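K.L.:
Supplied in structure tokens, the structure appears directly below.
Where a number appears in this text, it was derived from the coordinates with a stated rule and is not lab data. Quick caveat, the model's predicted, so the values are computed rather than measured. Cβ: placed from backbone, ideal geometry, glycine included. Neighbour counts: every protein chain shown.
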Amino acid sequence: MHCYWAARGLAERGHHVFVITNADEVEPEFRIALTKSDRDADGEYAKTFPESSGFVQVHSTQAPDAELYYIPLNNPSVTRLAGIATDLIREQNCDVIFAYYLEPYGLAAHLASLWTGVPYVLKHAGSDLYRLTPLEKLKVSYMEVMKGANRILSAGPSLARLVSHGVPEERLVSNVSFELPEKCFNAAAPALDLTALMNELRTSKSHADLKNFAPLEQSLPVLGIYGKLGEFKGTFDLLDAMSKLIHDDFELYLLALSNSWEQNHFQHLVSELNLEKYVLQLPFLPHWRIPSFIRSCTAVAFLERDFPIAAHGPTIPSEVIACGKCLVISEEVAQKQRFRSRMRNFQNILIVPDPKDHDVLAARVRFALEDSQRTEEIGRRGNEELAPRFNHNRYITALESVLTAVAGEEPVYTLARRDAAAVNENVSSRVAREFPWTFKLLDPDQQQLLDQLSVQLNGDSTQALVDALLSHFQHRSEPYVLAVCRYESELQGWRNSGVEVNEDGVFDGRWTIDELRSFHPFVRSEYKVVEFDCDVQSIIDGLSSGRDLTAASANRPTKVLFFPSSQPMRINDDMEFMLRSLASGRSNTEQLLEMLTKHYQLEDRAGRERLTQLIMVALESLYREGIIGFRAVPSRRIKAAATFVT
């Protein structure tokens, strides 16, 4: 999905993008259903943009025929991909190679780069680093691919893993973050015409075996799921929960845009639970149809749990929220979202603490579907309050910048052969890479002065560079430049810290204040509050959006909370005071409320109640970020209440 929107976005800007893939060979379980109109010259599959002269061309290998035979017989995917890529690079005089995934595309890009002298950029997935690379018989090959890339797109804890594999830090890029194309993923996307789609797919040779499609009854709500199905995806948990609901006379449809190697088990469970009437399974649809699929559902569920790769960060929740639909999500996935601090359970999202608890899951699904007006309202609020400010243009700009820079370089192995010593960058280049916003605030003369810093880049740590940088510009720059530098240096230190999961947390955002009073809040993550003389986050936002906010923000002191995440929080004095109170070991929520009420000298009932509500919202925000946890009194049995914390 990322590759598709990246190729299309680059082509829209006038670039010529040649996609070399083996997608036409993919197993039936994972094949996307493309219609004739999708593949037509004016279709969405390989898009052309006459206004910019950019285009996407797709070149796919086909299943090996009888001529491709040798002992022992296998499919030489890497050989064929590398060969096709090499021919195209030479024929089209390509400037740079971009490979996504180590196997087989990274290997193929590595070979094509060696044969053509064209550098490559690599983007990895969590499975690449945490499941495949540790395998002894694959590790050497993958490490050569990683060390041969001019740049690797990565982020978070994976950066440290790559460095441990011998990848120089200067080749790692962490500021190219995928963002959805808001022109497609929005609340105005048209709903999918299922009948027309099924008729079109049946005319396709590869999907002629689709069963006859009966239109869905309009009176029943539709819960949608999409992506791979399986145990870790919560799919089978959802079927069990559906069975409970239907047994309780609450009927619904499950519209599943899903498949996987566990397809047979899925179908068997559907039959065993007598759900055939209520489950409609579609083949995987292409990326540009996903917004319409989302809009055709009453609500959409994403229930991934116990996922074996901790670094896995799915995009599906953002897609659903961007399209304005009610999202039912597992607590595990909720903790991974950038907007987790703004989640309000039962108000702008529905969170399932553990999908393996089928009774709770059934109750959440019922809540999501039984009142269509309420469901639409949750989806609307989710879109307004949770949806990140998607900026696909910013993503394409960042990717384009990396590819353009690498296109002007020689491949790593060419440089290595020319000079066996490590290739060093100068100080200004390193500052531009590690402290991009600080660098951007400097004028050209100041940027050139950076190379006069006495820092040994190979031997000195990032902190040594920060110290030298702050000292060098202490009396030569505007104060806000130093503040932004301090901010970025703090961010560097916290970015690679691991985020713990709230395994012992029990708060789900729906319980009443009275029920929460006996809970024991505790600080479960290191944190640091840093005070700045200016509003550094607004300045950086202005630089990112192209607006000059330095004048308005330069004299606006702010406090920023840093913790094991890449998203610091701007906080006020009240939040800092509450954090210090929590860290001091107050025994329960009741005592915390009493202490804060006295601190703010609130004696009237209305003021106390309002403060209590605000504290509950702040506690939930801190919990969602993983900074605090809640322990319930073991002897107390908690019962779900019907009121909300607002």
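K.L.:
List the residues whose amide H sits under 5 Å from the amide H of GLN281, counting only those 5 or more places along or on another chain, with H placed 1.01 Å from N in the peptide plane.
P.N.:
It is ALA256, by chain and number.
K.L.:
What is the spin-label model distance, in nm, from GLU272 to THR404 if the labels are put 7 Å beyond Cα along the C-beta direction?
P.N.:
5.7
K.L.:
For the range 194-385, state what percent of all Cα-Cα pairs lands in each successive 5 Å bin, counting from 0 Å until the bin that includes the largest distance.
P.N.:
Per 5 Å bin, starting at zero, the Cα-Cα P(r) for the range 194-385 comes out as 1, 7, 17, 21, 22, 17, 9, 4, 1, 0 percent.
K.L.:
Can you list residues from other chains, or at least 5 along the same chain, whose modelled amide H is less than 5 Å from the amide H of ILE571?
P.N.:
LYS559, VAL560, LEU561
K.L.:
Now for a separate question. For the pair THR21 and GLU384, how long in nm is the line joining their label points, each one 7 Å along Cα→Cβ?
P.N.:
My value for the distance between the label points is 3.8 nm.
K.L.:
Longer than 28 Å from Cα to Cα, which of LYS123/LYS440; LYS123/LYS336; LYS183/LYS356 are they? Say none if no pair is.
P.N.:
Pairs exceeding 28 Å: LYS183/LYS356.
K.L.:
So, one more: Tell me which residues come under 5 Å, amide H to amide H, from ASN22 once H is placed; ignore anything under 5 positions away on its chain.
P.N.:
THR61
K.L.:
For the range 2-173, what proportion of DSSP beta bridges, expressed in % and rounded to the nearest 5, is antiparallel? Kindly include the intermediate steps, with their values, before the conclusion.
P.N.:
Values: 2 of 17 bridges.
Beta bridges within the range 2-173, antiparallel portion: roughly 10 percent.
K.L.:
Mind running the shape call on the range 2-173? Use the C-alpha gyration tensor, a ≥ b ≥ c as the square roots of the eigenvalues: rounded below 1.5 for a/c, prolate if a/b tops b/c, oblate otherwise.
P.N.:
Working: a/c = 1.66, a/b = 1.23, b/c = 1.35.
The shape class here is oblate.
K.L.:
Packing-wise, with mean Cβ within 10 Å as the measure, how do 48-54, 94-100 rank, highest first?
P.N.:
Working: 48-54: 12.3, 94-100: 20.4.
For the peptides 48-54, 94-100, the packing ranking is 94-100, 48-54.
K.L.:
Taking neighbour Cβ counts within 10 Å as the exposure measure, how do PHE577, PHE266 sort from fewest upward? Numbers along the way, then the final one.
P.N.:
Values: PHE577 15, PHE266 20.
Neighbour counts put them in this order, fewest first: PHE577, PHE266.
K.L.:
If R0 is 30 Å, what FRET efficiency do you get for HIS165 and ARG202 from their C-beta distance, rounded to 0.05?
P.N.:
Numbers: r = 48 Å, r/R0 = 1.60.
Using R0 = 30 Å, I get an efficiency of 0.05.
K.L.:
Pop a pseudo-label 7 angstrom from the Cα along the beta-carbon direction at both PHE522 and ASP445 and give the gap in nm to one decimal.
P.N.:
Rounded to a tenth, the inter-label distance reads 5.8 nm.
K.L.:
Using the number of other C-beta atoms within 10 angstrom as an exposure proxy, rank HIS15, HIS268 with the fewest first.
P.N.:
Values: HIS15 20, HIS268 11.
By the 10 Å Cβ count, ascending: HIS268, HIS15.
K.L.:
Arrange the peptides 189-196, 480-487, 138-145, 277-284 so that the one whose residues have, on average, the most other Cβ atoms within 10 Å appears first.
P.N.:
Descending mean neighbour count gives 480-487, 277-284, 138-145, 189-196.
K.L.:
Quick one: length gained pulling ASP248 to ARG39 fully straight, 0.36 nm per residue minus the C-alpha distance? Can you show the working numbers first?
P.N.:
Details: separation 209, 0.36 × 209 = 75.24 nm, distance 4.54 nm.
So the extension gain works out to 70.7 nm.
K.L.:
Give me the net charge for the shell around PRO291: Cβ to Cβ below 13 angstrom, other residues only, Lys and Arg +1, Asp and Glu -1. Mind showing how you got there, number by number?
P.N.:
On the way: positive: LYS183, ARG289, ARG295, LYS325; negative: GLU44, GLU182, GLU319.
My count for the surroundings of PRO291 gives +1.
K.L.:
Give me the one-decimal Kirkwood hydrodynamic radius in Å for the range 83-197, with the sum taken over alpha-carbon pairs. Write out the running numbers ahead of the final one.
P.N.:
Details: mean 1/r = 0.0625 Å⁻¹.
Answer for the range 83-197: a Kirkwood hydrodynamic radius of 16.0 Å.
K.L.:
Rank the residues PHE390, PHE562 as a footprinting-exposure proxy: fewest other Cβ atoms within 10 Å of their Cβ go first.
P.N.:
Lowest to highest Cβ neighbour count: PHE390, PHE562.
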